[in-house]
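A short write-up of the structure that comes next.
The values are calculated or read from the model by the stated rules, or taken from the named source; none is laboratory data. Since we're looking at a predicted model, the values are computed, not measured. Here Cβ is always computed from backbone atoms with ideal geometry, including for glycine, and neighbour counts include all displayed protein chains.
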Amino acid sequence: MFDIGFTELLVIFVVALLVVGPEQLPVVAKKVGLYLGKMRRSFQAIKDEVEQELEIEAVKAQLKEKAMLAEAKEIEEELTKTIEVIKQTDEETRKVTHESTNQQDKV
């Protein structure tokens, strides 16, 4: 969390010893340790929650993308079927038109 070396800790200890006194120093150190532990757990909980939310958002985006791809594939299949029907209808229409033209020529 913080980059504190041994000399910094020693200075903090000496200042705390002078301010608080030798009798109250263990009690104050215990309370400071408890508060630091609570802060670390709180920060870790927040960090975990943010990571979880980011993962959820990523999964939602993937699901949305997959749904869009599936829908696009369905539309493509429907269009392919429609094109085949149109081609068949066109061929039949051409045959009928060609046959009627041939019959009119004979008459």
Under 8 Å by Cβ, and 6 or more places apart or on different chains, what pairs join a residue from region 10-29 that is surrounded by 12 or more Cβ atoms within 10 Å (Cβ to Cβ) with one that is assigned to a loop (DSSP other than H, G, I, E, B) and polar (S, T, N, Q)?
none
Selection count where residues are closer than 30 Å to Leu9 by Cβ and among the β-branched types (Val, Ile, Thr), scope region 21-62:
4
Qualifying residue in region 36-44 (condition: of a type outside the set (A, V, I, L, M) and either at positive phi or within 23 Å of the chain's Cα centre (by Cα) (or both))
yes
Among residues belonging to region 63-79 that are more than 27 Å from the chain's Cα centre (by Cα) and of a type outside the set (A, V, I, L, M), point out the one that is nearest to Leu10 (Cα to Cα).
Glu76
Taking Gly33 as the residue in question, decide whether it is on the phi > 0 side of the Ramachandran plot and either over 32 Å from the mean Cα position of the chain (by Cα) or at pLDDT 90 or above (or both).
no
